[in-house]
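We did not get these values from a lab; they are worked out from the coordinates using the rules stated. Everything numeric here is computed off the predicted structure, so don't read it as measured data. Using ideal geometry, Cβ is built from the backbone for each residue, glycine included, and neighbour counts are taken over all protein chains shown.
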Amino acid sequence: MTVEQDVDQELAAFYRDLDVVDLAPLWTITEQLLTPVPRPKSIPWLWRAQTYVPLAERAIKLVPIERGGERRVLSLRNPGLGGRPYAAGTLWGAVQCLGPNESAPAHRHTPGAIRFVISGEGVFTTVNGDACDMRSGDLVLTPGMAWHDHSNTTDRNMLWFDGLDLPMVEALDGIFFEPHPDLNQAVEGEHNRSERQYADTCRRYTSGSVRTELDPTPSPLLIYRWADTEERLRQETGKQPDAPSVTVEYINPRSGASVLPTLACGVQRVFAGRHTLPVRRTGNWIYVVRAGAGHSVIDGQRFDWETGDMFVVPSWSAVEHHALEQADFFTLSDTPVLRALGINREQSLDTPQAITGTFSPR
Ligand code: 1HN
């Protein structure tokens, strides 16, 4: 046996000895751990309203809402995540539906949630006793550990988008869940209490910087109305009439921080016939197309969308939007966490991407 063969054998034995006692040599995995840029497991993906609406309607017919199951929710399951029910590594995204005169049981949990109403009205979400009436385009917050339940008091179905920081809280091994002692919590006083308490609509949005220190106190305002969002978008448009798009972020009126410690919500309006230049950002993003039609290019792949569609832009993917008709995106991201940790990054690119493929949904 040569000296080299001797050393090889000794090294192989060494790796086996490490393996059996659960020690891993970094020098063999450095490049897979320390990638030059983020390499999220989730992939750009899109869910069409045309596909999910009929399935949500079938769910309403076939599946009752009961204690234990808790919610009638279809999660956006990103095909890159090996079957985990998450839209992206850090974000839960879903469609929730309630049939006529149904209610979903009251409970609370450490993950925080937001709801954005895709269409319809007549559901109220009760958050710690405050019943928040939900209408098309409204944003409702159910912060971590707030009691919450949903009630549909009409004779029509209603659908909305649910976003949660569940995968983040799970990664931090911080999941706690508690059912409320009653099936539904009592509503205290008139509906929409937080809306009356924080009546100054100027303090609900920003188009500039957001407080970056992590604020563990969620927004005391629990509902943001589409009419106010629309008004703020109009004001921004007046300030930059030639821009391809305008963006506003919903903020906590008390602190100026994002709406939840872990989640940022915004609306981006892209004007008809215009397009944005590509941008890469850290953090994962879910887009809900509130209105309009067009396409986005994500890492060279073209995604055509229309009203009600939802798509995911994973961390550091280049994304640009092209509006055929004026488009409004509701967006959800984990940006507050990246900002608070000092690892948020953004890179603007100055030319549109070359299109290398077109997404065709299943
Ligand atoms: C939840 O509590 C709701 O309250 C919706 O409406 C979706 C997804 C995972 C875990 C809890 C809700 C959820 C959820």
### Query
With Cβ to Cβ distances under 12 Å as the rule, what net charge do the other residues near residue 360 carry (K, R +1; D, E -1)?
+2
### Query
Ranked by Cβ crowding within 10 angstrom, fewest neighbours first, how are 295, 321 ordered?
295, 321
### Query
DSSP loop GluC sites (Glu not before Pro) in segment 199-301 with at most 13 other Cβ atoms within 10 Å of their Cβ, which ones?
213
### Query
Quick one: net charge of residue 244's neighbours, Cβ under 11 Å, K/R +1, D/E -1?
0
### Summary
As a Kirkwood estimate from alpha-carbon pairs, the chain has a hydrodynamic radius in angstrom of 21.9 Å
### Summary
Counted neighbours (other Cβ, 10 Å), sorted fewest up, put 176, 330 in the order 176, 330
### Task
Would you mind counting up the charge near residue 305? Only other residues with Cβ under 15 Å from its Cβ, with Lys and Arg at +1 and Asp and Glu at -1.
-2
### Query
What whole number of Å gives the distance from the Cα centroid of segment 269-325 to the Cα centroid of segment 178-197?
36 Å
### Message
Using only the alpha-carbon atoms, how far is helix 3-20 inclined from the longest principal axis of the chain? Give it as 0 to 90 degrees, nearest 10.
### Response
30 degrees
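Can you tell me how much longer the chain between residue 41 and residue 360 gets when fully stretched, taken as 0.36 nm per residue apart minus their C-alpha distance, in nm with one decimal?
Additional length available on full extension: 112.9 nm.
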### Summary
Residue by residue through segment 160-171, the couplings from Karplus 6.51 cos²θ - 1.76 cosθ + 1.60 with θ = phi - 60°, in Hz, x for Gly and Pro, are 8, 8, 10, x, 9, 8, 3, x, 5, 5, 5, 4
#### Entry: Over the chain: helical MRE at 222 nm, DSSP H runs n ≥ 4 each giving -39500 (n - 2.57), nearest 500
-5500 deg cm²/dmol
### Query
Just how far, in whole angstrom, is segment 79-150 from segment 25-69 if you go by their alpha carbon centroids?
17 Å
### Message
Which one, 29, 316, 222, is farthest towards the positive end of the dipole of the chain when Lys and Arg carry +1 and Asp and Glu -1 on their Cβ?
### Response
222
#### Entry: Over segment 257-362, volume per residue of the alpha carbon convex hull, in Å³
101 Å³
### Task
Could you work out the mean projected area of the convex hull around the alpha carbons of segment 1-160, in square nanometres to one decimal?
14.9 nm²
### Query
Any idea what the dipole of the chain comes to, in debye rounded to 20, about its Cα centre with Lys/Arg Cβ at +1 and Asp/Glu Cβ at -1?
1000 debye
### Task
Choose one answer from 76, 263, 55: the residue with the largest mean-square fluctuation in a GNM of the chain with alpha-carbon springs under 10 Å.
55
### Task
Specify the residue with the greatest mean-square fluctuation among 188, 320, 306, computed from a Gaussian network of the chain linking alpha-carbon atoms under 10 Å apart.
188
## Note on the structure
Interchain or sequence-distant (5+) residues whose placed amide H lies within less than 5 Å of the amide H of residue 302 are 356, 357, 358, 359
## Note on the structure
Going from the fewest other Cβ atoms within 10 Å to the most, one would list 27, 316, 305 as 27, 316, 305
